[in-house]
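Since the structure comes first, as structure tokens, the remarks are kept for the end.
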Amino acid sequence: MTTVLLLILSVLAGVFLGKYFGKKEKLAKNLLILSAGFLITICLNEVFPQVYTSTESTNLGIFVIAGVLLQMILEALTKGFEHGHFHHHNEHNILPVALMVGLFIHAFIEGIPLANEEHVLSPYLLGIVFHNIPISFILGAFLFNGKGDSKTSVSYPSFLIVALFSLASPMGMLLGNYFNPNLQPYFLAIVGGIFLHISSVIIFESNKNHNIDWIKIGLVVLGVSLALIMHLFHHH
């Protein structure tokens, strides 16, 4: 129950912040960079070690690559929401159904490995929570702070999209209970590929004029440090 509440609250908190602070794109970008540092550390220190130390699985690298490719396909639907691409100038070109489907699949797959997590506040869960907040921030800004066309914010069921996104990971976790536990490394490998793609795109996206962005570097280091501290206190 704690896991489900954290997943839902992380989305609702992000949407709430996006609704009221959604015009501050810099804030959303900074939250994403911070979460990317956290996420890539969770991926390398928690997810991949669990994947590659599993004795009953083979060819797991293929599933990591599959996760990367899957995320690339999903971004064709979400138009890069996962790594902070705002589309205020062009919002009417994003199909609400495509956005909803892309975000739902993304969150649903991330939820499946949670079915076999033994620790309530596992680094994997907190990685999802940290990742959900900035994505939900952008989603809230997009749904409830539309610019340009005033009809944008009421032209589709915004609350339905938020509800489905907030329930996607818990539904994935519920489905994960029905899978053979031996499949856990494969699902983790796919999610690891998704995490790796999203975090690396955010971190390595080119800065303006390719100058060194010390704020960005500092936020990444802060995210990495938080994840490492959590890793040290996590008992496997």
(request) Go through (1) assigned to a helix (DSSP H, G or I); (2) open to solvent by 20 Å² or more (accessible area, probe 1.4 Å) and name the single condition Lys23 misses. (result) (1)
(message) Given the criterion within 23 Å of Ser169 (Cα to Cα), assigned to a helix (DSSP H, G or I) and at pLDDT 90 or above, identify the matching residue among Ala98, Ala28, Ala66, Ala76.
(response) Ala66
(request) Only one of these is under 24 Å from Leu70 (Cβ atoms), part of a helix (DSSP H, G or I), open to solvent by 50 Å² or more (accessible area, probe 1.4 Å) and at pLDDT below 90: Leu167, Leu183, Leu139, Leu174. Name it. (result) Leu183
(request) Give the number of residues within the range 1-18 that are at pLDDT below 90, surrounded by fewer than 17 Cβ atoms within 10 Å (Cβ to Cβ) and part of a helix (DSSP H, G or I). (result) 1
(request) Sort out which residues of the range 26-59 are more than 24 Å from Phe142 (Cα to Cα), open to solvent by 10 Å² or more (accessible area, probe 1.4 Å) and touching a Leu at 6+ places or on another chain (Cβ under 9 Å), and write them in order of number. (result) Ile40, Thr41, Leu44, Asn45, Phe48, Gln50, Tyr52, Ser54, Ser57
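The values are calculated or read from the model by the stated rules, or taken from the named source; none is laboratory data. Here the structure is a predicted model, which means the values were calculated and not measured. Glycine gets a Cβ as well: all are built from the backbone with ideal geometry, and neighbour counts include every protein chain shown. With ligands, DNA and RNA removed, areas are computed over all heavy atoms of the protein, side chains included. Shrake-Rupley method; radii C 1.70, N 1.55, O 1.52, S 1.80 Å.
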